[in-house]
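The structure under discussion is supplied below as C-alpha cells; questions concerning it will follow.
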Amino acid sequence: MNESRSGSNTSLKIALVGPAHPLRGGIADFNQALARSLDAVGHRVTLFSFYLQYPGILFPGKSQVTQGELPAGLDIRSTISSVNPISWYSTAQQIAAISPDLVIIRYWLPFMAPALGTIARQLRKKGIPILAITDNVLPHEKRLGDELLTSYFVKSCDGFITMSRAVLKDLEKFTKTNKKIFLPHPVYDIFGEVVSKASARQQLKLKESDRYILFFGFIRHYKGLDLLIEAMADTRLRGFNVKLLVAGEFYEDEKPYRDQIQRLGLQDVVRIDASFIDRNMIKYYFCAADMIVQPYRTATQSGITQIAYHFGRPMLVTDVGGLSEIVDHEKNGYVVPVDAAAIAEAIVDFYQNDREVSLARGVLDARARFSWNSFVESLTDFYVRDLKR
C-alpha cells in the first residue's frame, strides 16, 4: 500500500456504490463530496451509480436527473438498474474487476435492498469487505415488507456507518455485530460561498425589509411543513413581519398545503417556490434567510442542517431522530417538540430577543466538528481496525 495523508496511512482503492451524477439530490451530492474527500487524502475512488434509479411510476418528483455538467475529476459509472437483476450481477463483476480494497454502499430505502444486497453478496464471495453507510434502516413512511428487505441488505454487509445515533439503534434490530459506528454527517461545502443577505434577497426578489425563515427540500408529510404553516398563523409573528419561504419540490399532493395557507389567511406570509432548486441557487435561499426551520415528524440525520452550517445560518429543528445531535439548543439554534405551538414560540423568541447574531456565531463555533477530513479519517481507521482482510 502507498503512503497517504489519512489517519490509516494507507492508500485504498475504493468502490462507492450509490446515486451520483446525473442523478440529483442529497445522496448523490454526498457521494460525490465523499469521493472527492477520499481522493484528497490519496485514495482512489470509483463511483458505481444507477442508470435507472426509480421506475417513473414510483418516482414522486418531476425529474430524477440534473442538466448540469459531469463533475470534473470523478470516475462515475452508471451501471445499475434497481429493477434489473442482470445489472446487479454485471455491476458486481465490474467492481470486482478493479480489485477494490473496500466497497462502500449507500443504503437509504428498502426498495433498493434487492439490488444493493445482491451486489454486496456477490462481492463478499470474492473476499471484498462491504461497508454500508445507512442513511435510514427503516424508512420514514413504512410499507409492508420493509423489515424483510432491510434484513436482506444488512446481512449482506460486514460493517456499518450511521450518521445518527437513532439509526445506529435501529440497526440493532437486524444485526448483533459490533462493527458499526456513528459518524455525524459532514458539512456540505459544495454549494458555493456565502453571499450577503441583501444580494441573496435581491436575487430571489424578496423584500429586504422583511424577515424570512426557510423551509428547504422536497416536501412530504413526515417533514412537517403543515406544522410550520400552522405556526406561522401565530399573530405575534405578524408584528415582527416574519415571512416563510418554502423552497422545494412537492413529493405529494400540494393542494392540502395550499388550502391550509388559504384557510389561515397566510397568502401574503408564505411564498412557495415549488420546484427542485438548482445547485447554483441554493446559496441564495440559505443566505436570504434569518433561520432555517426543519419541523420534521420523523428524521434520521439531515443534509439540510449541514448546508445551514456551511452558510452560518441558525436552525430550528424538532426533537426527532438525530437532529438534536447536530443542533445545540439556544447555542446555535432551537430544538423543540413536534408541535406547531412550540415551533411558533421558538420563532417568536428568535425575533423578540434578536438572537440571530449570537446563534449564527454558535453555528460557526460548532462547524469544525463536522469536517469531511474527520469523517474520512474515521471511516478509513474503521476499515483498517475492523474490516481489512
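The values are calculated or read from the model by the stated rules, or taken from the named source; none is laboratory data. Not measured: the values here are computed from a predicted model. For neighbour counting, all protein chains shown are included, and Cβ atoms are generated from backbone atoms with ideal geometry for every residue, glycine included.
Would you confirm whether or not the stretch 261-278 contains a residue that is farther than 25 Å from Val194 by Cβ, modelled with pLDDT under 95 and buried (at least 17 other Cβ atoms within 10 Å of the Cβ)?
The answer is no, given that none of the residues of the stretch 261-278 is farther than 25 Å from Val194 by Cβ, modelled with pLDDT under 95 and buried (at least 17 other Cβ atoms within 10 Å of the Cβ).
I'd like the full set of residues that are touching a strand residue (DSSP E or B) at 6+ places or on another chain (Cβ under 9 Å), in a helix (DSSP H, G or I) and within 17 Å of Thr177 (Cβ to Cβ), limited to the stretch 370-389.
Leu379, Phe382, Tyr383, Asp386, Leu387
Give Arg238, Arg165 a once-over and let me know the one that is of a type in the set (Lys, Arg), touching a Phe, Trp or Tyr at 6+ places or on another chain (Cβ under 6 Å) and farther than 20 Å from Phe311 by Cβ.
Unique residue meeting the criteria: Arg165.
Within the stretch 229-251, count every residue that is closer than 26 Å to Gly312 by Cα and assigned to a loop (DSSP other than H, G, I, E, B).
Result for the stretch 229-251: 5.
Does Phe160 fit the bill of being in contact with a Ser or Thr (Cβ under 7 Å, 6 or more places away or on another chain) and at pLDDT 95 or above?
Yes, satisfied.
While we're looking at this one, here's another question. Please list, ordered by first then second residue, the pairs with beta carbon atoms under 6 Å, 6 or more apart or interchain, first in the stretch 16-36 and outside the structural domain of Asp135 (by TED's automatic domain parsing), second crowded, with 24+ Cβ neighbours inside 10 Å and of a type in the set (Lys, Arg).
Listed pairs, sorted by first residue: none to list.
Just give me the residues in the stretch 202-214 being more than 17 Å from Asp268 (Cβ to Cβ) and either of a type in the set (Gly, Ala, Ser) or surrounded by 17 or more Cβ atoms within 10 Å (Cβ to Cβ) (or both), in sequence order.
Hit for the stretch 202-214 is Leu214, nothing else.
Residue by residue, here is whether (1) of a type outside the set (D, E, K, R); (2) surrounded by 17 or more Cβ atoms within 10 Å (Cβ to Cβ); (3) within 19 Å of Gln352 (Cα to Cα); (4) in the same structural domain as His329 (by TED's automatic domain parsing) holds:
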site	(1), (2), (3), (4)
Phe218	yes, no, no, yes
Leu227	yes, yes, no, yes
Gly239	yes, no, yes, yes
Lys255	no, no, no, yes
Asp290	no, yes, yes, yes
Tyr296	yes, yes, no, yes
Ser302	yes, yes, no, yes
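Restricting to the stretch 252-292, give me the number of residues that are among the aromatic types (Phe, Trp, Tyr) and not in a helix (DSSP H, G or I).
Counting residues in the stretch 252-292 that are among the aromatic types (Phe, Trp, Tyr) and not in a helix (DSSP H, G or I) gives 1.
Looking at Val357, Val336, Val348, Val384, which one is surrounded by 19 or more Cβ atoms within 10 Å (Cβ to Cβ) and of a type in the set (A, V, I, L, M, F, W, C)?
Within the list Val357, Val336, Val348, Val384, the selection yields Val336.
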